[in-house]
1. What is the spin-label model distance, in nm, from A:Asp67 to B:Ala70 if the labels are put 7 Å beyond Cα along the C-beta direction?
2. I'd like the Karplus ³J(HN,Hα) series for segment A:102-114: coefficients 6.51, -1.76, 1.60, θ = phi - 60°, whole numbers in Hz, and an x wherever there's a Gly or Pro.
3. How large is ³J(HN,Hα) for each residue in segment A:10-16, as worked out from phi by the Karplus curve 6.51 cos²θ - 1.76 cosθ + 1.60 (θ = phi - 60°), to whole Hz, x for Gly and Pro?
4. Could you pull the Cα extents of segment A:31-91 along its three principal axes, largest to smallest, in whole Å?
5. Under the Karplus relation 6.51 cos²θ - 1.76 cosθ + 1.60, θ = phi - 60°, what is the ordered set of whole-Hz ³J(HN,Hα) values for segment B:17-25, x standing for Gly and Pro?
6. Rounded to the nearest 10 Å², what accessible area does A:Thr30 have for a 1.4 Å probe in the complete protein model?
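The values are calculated or read from the model by the stated rules, or taken from the named source; none is laboratory data. Because the structure is a prediction, the values reported are computed rather than measured. Every residue, glycine as well, gets a Cβ built from its backbone with ideal geometry; the counts of neighbours run over all protein chains shown. Side chains included, ligands, DNA and RNA excluded: accessible areas come from the protein's heavy atoms. Shrake-Rupley method; radii C 1.70, N 1.55, O 1.52, S 1.80 Å.
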Amino acid sequence: MTSQATRPIAPVVVDVTVRVPIAVAFHAFTADFHRWWPASHHVGAQDPETVVLEPFPGGRWFERAPDGAECLWGEVVAWEPPHRILLAWGLDGTWTYRAGQENASQVEVRFTALPDGATRVVLEHSGFEAHGATATTLRDGVGSEGGWASLLALYARFAADEPSP
Amino acid sequence: MLDALADPTRRAVLDLVRQRPRSVSEIAAELPVSRPAVSQHLRALKQARLVQDHAAGTRRIYSLDPHGLAALRDYADQLWQTAMASFVEYAEREHGASLPDRSPADRSPGQPPTQSPHENPGGAP
(Lines give C-alpha, C1' and ligand atoms only; values in the text may rest on other atoms or scores of the structure.)
Protein backbone atom coordinates (compact mmCIF):
# COMPACT_ATOMS: atom_id res chain seq x y z
CA MET A 1 0.00 0.00 0.00
CA THR A 2 1.35 3.42 -0.84
CA SER A 3 1.03 6.02 1.83
CA GLN A 4 -1.83 8.30 0.98
CA ALA A 5 -4.70 10.11 2.61
CA THR A 6 -6.99 7.10 2.66
CA ARG A 7 -8.46 6.14 6.00
CA PRO A 8 -8.49 2.40 6.57
CA ILE A 9 -11.89 0.77 7.04
CA ALA A 10 -12.13 -0.53 10.60
CA PRO A 11 -13.42 -4.09 11.00
CA VAL A 12 -16.79 -4.75 12.57
CA VAL A 13 -16.43 -6.54 15.90
CA VAL A 14 -19.37 -7.91 17.88
CA ASP A 15 -18.63 -9.56 21.22
CA VAL A 16 -21.42 -11.43 23.01
CA THR A 17 -21.80 -13.88 25.83
CA VAL A 18 -24.31 -16.68 25.39
CA ARG A 19 -25.38 -18.69 28.39
CA VAL A 20 -24.93 -22.12 26.90
CA PRO A 21 -21.89 -24.42 26.73
CA ILE A 22 -19.41 -23.93 23.93
CA ALA A 23 -20.42 -26.98 21.87
CA VAL A 24 -24.05 -25.91 22.02
CA ALA A 25 -23.13 -22.38 21.02
CA PHE A 26 -21.09 -23.59 18.07
CA HIS A 27 -23.88 -25.89 16.90
CA ALA A 28 -26.53 -23.21 17.28
CA PHE A 29 -24.46 -20.70 15.34
CA THR A 30 -23.56 -23.02 12.46
CA ALA A 31 -26.07 -25.85 12.04
CA ASP A 32 -29.00 -23.67 13.12
CA PHE A 33 -27.87 -20.53 11.29
CA HIS A 34 -31.15 -20.14 9.46
CA ARG A 35 -33.14 -20.24 12.67
CA TRP A 36 -31.74 -17.01 14.05
CA TRP A 37 -30.53 -15.07 11.00
CA PRO A 38 -32.64 -11.89 10.53
CA ALA A 39 -35.23 -12.90 7.97
CA SER A 40 -35.19 -9.67 6.00
CA HIS A 41 -31.61 -10.19 4.83
CA HIS A 42 -31.36 -12.47 1.88
CA VAL A 43 -30.10 -12.51 -1.66
CA GLY A 44 -32.95 -14.11 -3.56
CA ALA A 45 -36.35 -12.63 -4.23
CA GLN A 46 -38.14 -14.89 -1.76
CA ASP A 47 -37.62 -15.28 1.95
CA PRO A 48 -35.27 -18.24 2.16
CA GLU A 49 -36.41 -21.57 3.52
CA THR A 50 -32.96 -22.15 4.96
CA VAL A 51 -29.43 -20.79 5.07
CA VAL A 52 -26.69 -23.41 5.03
CA LEU A 53 -23.07 -23.39 6.17
CA GLU A 54 -21.52 -26.55 4.78
CA PRO A 55 -19.40 -27.79 7.69
CA PHE A 56 -15.92 -28.10 6.11
CA PRO A 57 -13.25 -25.88 4.53
CA GLY A 58 -14.38 -25.02 1.03
CA GLY A 59 -18.00 -25.58 2.01
CA ARG A 60 -20.58 -23.29 0.54
CA TRP A 61 -22.49 -20.66 2.50
CA PHE A 62 -25.82 -20.22 0.76
CA GLU A 63 -29.53 -19.73 1.07
CA ARG A 64 -32.17 -21.97 -0.42
CA ALA A 65 -35.61 -20.69 -1.41
CA PRO A 66 -38.81 -22.69 -0.97
CA ASP A 67 -38.72 -23.51 -4.68
CA GLY A 68 -35.22 -24.98 -4.30
CA ALA A 69 -33.28 -22.10 -5.86
CA GLU A 70 -29.92 -21.57 -4.16
CA CYS A 71 -28.05 -18.27 -3.84
CA LEU A 72 -24.45 -18.16 -2.68
CA TRP A 73 -23.34 -15.81 0.10
CA GLY A 74 -19.75 -17.01 0.32
CA GLU A 75 -17.77 -19.96 1.53
CA VAL A 76 -16.26 -21.62 4.55
CA VAL A 77 -12.52 -21.00 4.78
CA ALA A 78 -11.76 -22.60 8.15
CA TRP A 79 -13.87 -24.98 10.24
CA GLU A 80 -12.51 -25.70 13.73
CA PRO A 81 -15.30 -26.80 16.07
CA PRO A 82 -16.04 -25.75 18.70
CA HIS A 83 -13.63 -22.81 18.72
CA ARG A 84 -13.49 -21.07 15.39
CA ILE A 85 -14.88 -20.64 11.91
CA LEU A 86 -13.66 -18.34 9.16
CA LEU A 87 -16.01 -17.43 6.38
CA ALA A 88 -15.56 -15.56 3.13
CA TRP A 89 -18.41 -13.09 2.54
CA GLY A 90 -18.91 -12.50 -1.16
CA LEU A 91 -21.91 -10.18 -1.03
CA ASP A 92 -21.61 -6.54 -1.92
CA GLY A 93 -23.76 -3.71 -0.64
CA THR A 94 -26.64 -4.72 -2.87
CA TRP A 95 -26.51 -8.33 -1.70
CA THR A 96 -25.11 -9.42 -5.04
CA TYR A 97 -22.70 -12.32 -4.86
CA ARG A 98 -19.33 -12.03 -6.60
CA ALA A 99 -17.04 -15.05 -6.74
CA GLY A 100 -13.35 -14.99 -5.95
CA GLN A 101 -11.21 -14.29 -2.88
CA GLU A 102 -10.41 -10.80 -4.15
CA ASN A 103 -14.11 -9.93 -3.96
CA ALA A 104 -14.71 -11.33 -0.49
CA SER A 105 -14.42 -9.87 2.97
CA GLN A 106 -13.74 -12.11 5.94
CA VAL A 107 -16.01 -13.09 8.81
CA GLU A 108 -14.24 -14.80 11.69
CA VAL A 109 -16.19 -16.20 14.63
CA ARG A 110 -14.38 -17.37 17.75
CA PHE A 111 -15.95 -19.29 20.62
CA THR A 112 -14.42 -19.39 24.10
CA ALA A 113 -15.71 -21.43 27.05
CA LEU A 114 -16.12 -19.34 30.19
CA PRO A 115 -15.61 -20.62 33.76
CA ASP A 116 -19.32 -20.27 34.60
CA GLY A 117 -20.39 -22.55 31.76
CA ALA A 118 -21.31 -19.79 29.35
CA THR A 119 -19.59 -19.06 26.05
CA ARG A 120 -18.08 -15.90 24.69
CA VAL A 121 -18.60 -15.47 20.97
CA VAL A 122 -16.64 -12.82 19.09
CA LEU A 123 -17.45 -12.07 15.47
CA GLU A 124 -15.11 -9.96 13.37
CA HIS A 125 -15.98 -8.89 9.84
CA SER A 126 -13.00 -7.33 8.05
CA GLY A 127 -11.62 -6.68 4.60
CA PHE A 128 -14.41 -4.47 3.30
CA GLU A 129 -12.06 -3.01 0.73
CA ALA A 130 -12.74 -6.12 -1.33
CA HIS A 131 -16.20 -4.76 -2.00
CA GLY A 132 -14.94 -1.44 -3.28
CA ALA A 133 -15.79 -2.19 -6.87
CA THR A 134 -19.41 -2.75 -5.98
CA ALA A 135 -20.29 0.81 -5.19
CA THR A 136 -20.90 1.46 -8.86
CA THR A 137 -23.48 -1.31 -8.74
CA LEU A 138 -25.27 0.60 -6.03
CA ARG A 139 -25.32 3.78 -8.02
CA ASP A 140 -26.28 2.41 -11.39
CA GLY A 141 -28.92 0.12 -9.98
CA VAL A 142 -31.28 2.85 -8.88
CA GLY A 143 -30.42 5.36 -11.52
CA SER A 144 -29.62 8.90 -10.59
CA GLU A 145 -29.41 8.71 -6.83
CA GLY A 146 -25.81 7.76 -6.41
CA GLY A 147 -24.19 4.95 -4.50
CA TRP A 148 -24.26 6.74 -1.19
CA ALA A 149 -27.99 7.44 -1.23
CA SER A 150 -28.72 3.91 -2.44
CA LEU A 151 -26.81 2.38 0.40
CA LEU A 152 -28.48 4.66 2.90
CA ALA A 153 -31.85 3.61 1.51
CA LEU A 154 -30.91 -0.01 2.00
CA TYR A 155 -29.77 0.82 5.53
CA ALA A 156 -33.00 2.63 6.31
CA ARG A 157 -35.08 -0.26 5.09
CA PHE A 158 -33.10 -2.62 7.28
CA ALA A 159 -33.49 -0.38 10.32
CA ALA A 160 -37.24 -0.29 9.81
CA ASP A 161 -37.40 -4.10 9.68
CA GLU A 162 -35.40 -4.53 12.83
CA PRO A 163 -37.41 -6.38 15.46
CA SER A 164 -37.81 -4.78 18.84
CA PRO A 165 -35.44 -6.22 21.44
CA MET B 1 -32.78 -7.22 -7.10
CA LEU B 2 -30.72 -4.33 -8.36
CA ASP B 3 -29.11 -4.85 -11.74
CA ALA B 4 -25.46 -5.45 -12.25
CA LEU B 5 -23.34 -2.56 -13.55
CA ALA B 6 -24.65 -0.55 -16.44
CA ASP B 7 -21.17 0.36 -17.64
CA PRO B 8 -18.49 -2.32 -17.54
CA THR B 9 -15.75 0.17 -18.41
CA ARG B 10 -16.56 2.32 -15.41
CA ARG B 11 -16.50 -0.77 -13.26
CA ALA B 12 -13.11 -1.71 -14.72
CA VAL B 13 -11.76 1.74 -13.90
CA LEU B 14 -13.00 1.41 -10.34
CA ASP B 15 -11.49 -2.09 -10.08
CA LEU B 16 -8.08 -0.78 -11.15
CA VAL B 17 -8.24 2.04 -8.63
CA ARG B 18 -9.34 -0.41 -5.98
CA GLN B 19 -6.30 -2.61 -6.58
CA ARG B 20 -3.94 0.30 -6.02
CA PRO B 21 -3.87 4.06 -6.50
CA ARG B 22 -3.20 5.02 -10.11
CA SER B 23 -2.94 7.98 -12.42
CA VAL B 24 -5.11 8.46 -15.50
CA SER B 25 -2.28 7.26 -17.73
CA GLU B 26 -1.78 4.12 -15.69
CA ILE B 27 -5.48 3.30 -15.88
CA ALA B 28 -5.72 4.03 -19.61
CA ALA B 29 -2.75 1.74 -20.22
CA GLU B 30 -4.77 -1.17 -18.84
CA LEU B 31 -7.97 -0.57 -20.79
CA PRO B 32 -8.99 -0.33 -24.45
CA VAL B 33 -10.30 3.21 -23.99
CA SER B 34 -8.79 6.66 -24.42
CA ARG B 35 -7.42 8.87 -21.68
CA PRO B 36 -10.31 11.37 -22.02
CA ALA B 37 -12.76 8.51 -21.60
CA VAL B 38 -10.94 7.36 -18.49
CA SER B 39 -10.98 10.93 -17.15
CA GLN B 40 -14.70 11.10 -17.76
CA HIS B 41 -15.30 7.88 -15.84
CA LEU B 42 -13.09 9.09 -13.01
CA ARG B 43 -15.06 12.34 -12.83
CA ALA B 44 -18.30 10.39 -12.50
CA LEU B 45 -16.80 8.10 -9.89
CA LYS B 46 -15.44 11.06 -7.98
CA GLN B 47 -18.82 12.77 -8.07
CA ALA B 48 -20.36 9.61 -6.64
CA ARG B 49 -17.71 9.70 -3.89
CA LEU B 50 -16.33 6.38 -4.95
CA VAL B 51 -12.85 7.62 -5.80
CA GLN B 52 -10.77 10.47 -4.48
CA ASP B 53 -7.62 12.02 -5.88
CA HIS B 54 -4.54 13.85 -4.74
CA ALA B 55 -1.62 15.55 -6.44
CA ALA B 56 1.70 13.76 -6.77
CA GLY B 57 4.02 16.13 -8.54
CA THR B 58 2.34 17.07 -11.80
CA ARG B 59 0.06 14.02 -11.85
CA ARG B 60 -3.16 13.30 -10.06
CA ILE B 61 -3.40 9.94 -8.37
CA TYR B 62 -6.79 8.32 -8.00
CA SER B 63 -7.63 6.03 -5.10
CA LEU B 64 -10.67 4.49 -3.52
CA ASP B 65 -12.78 6.92 -1.55
CA PRO B 66 -13.36 5.28 1.79
CA HIS B 67 -16.75 6.93 2.33
CA GLY B 68 -18.62 4.40 0.22
CA LEU B 69 -16.86 1.57 1.98
CA ALA B 70 -17.36 3.17 5.37
CA ALA B 71 -21.10 3.23 4.74
CA LEU B 72 -21.00 -0.44 3.79
CA ARG B 73 -19.03 -1.17 6.93
CA ASP B 74 -21.53 0.69 9.11
CA TYR B 75 -24.32 -1.27 7.50
CA ALA B 76 -22.50 -4.53 8.23
CA ASP B 77 -22.01 -3.34 11.81
CA GLN B 78 -25.71 -2.88 12.38
CA LEU B 79 -26.50 -6.12 10.61
CA TRP B 80 -24.12 -8.17 12.78
CA GLN B 81 -25.23 -6.44 16.00
CA THR B 82 -28.79 -7.45 15.23
CA ALA B 83 -27.84 -10.91 14.00
CA MET B 84 -25.72 -11.69 17.06
CA ALA B 85 -28.44 -10.52 19.44
CA SER B 86 -30.81 -12.80 17.61
CA PHE B 87 -28.28 -15.65 17.86
CA VAL B 88 -27.92 -15.22 21.63
CA GLU B 89 -31.66 -15.10 22.11
CA TYR B 90 -32.17 -18.19 19.94
CA ALA B 91 -29.40 -20.25 21.57
CA GLU B 92 -30.51 -19.39 25.10
CA ARG B 93 -34.17 -19.97 24.33
CA GLU B 94 -33.54 -23.36 22.73
CA HIS B 95 -30.75 -24.63 24.94
CA GLY B 96 -30.32 -22.52 28.02
CA ALA B 97 -33.58 -23.14 29.84
CA SER B 98 -31.73 -23.94 33.05
CA LEU B 99 -30.26 -20.46 33.33
CA PRO B 100 -32.34 -17.55 34.65
CA ASP B 101 -33.37 -14.66 32.45
CA ARG B 102 -31.10 -11.67 32.26
CA SER B 103 -31.05 -8.27 30.61
CA PRO B 104 -28.65 -7.95 27.66
CA ALA B 105 -26.11 -6.01 29.71
CA ASP B 106 -26.23 -8.22 32.76
CA ARG B 107 -24.00 -11.26 33.02
CA SER B 108 -25.03 -12.42 36.53
CA PRO B 109 -21.61 -13.96 37.15
CA GLY B 110 -22.63 -15.16 40.60
CA GLN B 111 -25.15 -17.67 39.32
CA PRO B 112 -24.26 -21.32 39.89
CA PRO B 113 -23.09 -22.81 36.60
CA THR B 114 -25.82 -25.33 35.93
CA GLN B 115 -24.72 -27.19 32.82
CA SER B 116 -27.30 -27.27 30.07
CA PRO B 117 -29.37 -30.39 30.72
CA HIS B 118 -30.41 -31.03 27.17
CA GLU B 119 -28.05 -31.29 24.25
CA ASN B 120 -30.65 -32.34 21.68
CA PRO B 121 -29.95 -30.56 18.43
CA GLY B 122 -32.96 -28.35 18.53
CA GLY B 123 -36.69 -28.09 18.51
CA ALA B 124 -39.09 -28.55 15.66
CA PRO B 125 -37.47 -28.85 12.24
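1. Distance between label points: 4.2 nm.
2. 5, 9, 10, 8, 10, 10, 10, 10, 10, 10, 10, 6, 9
3. For segment A:10-16, the Karplus curve yields 5, x, 8, 10, 10, 10, 10 Hz.
4. 32, 20, 18
5. Here the 3J(HN,Hα) series is 5, 5, 5, 6, x, 9, 8, 4, 4 Hz.
6. Roughly 10 Å² of A:Thr30 is accessible to a 1.4 Å probe.
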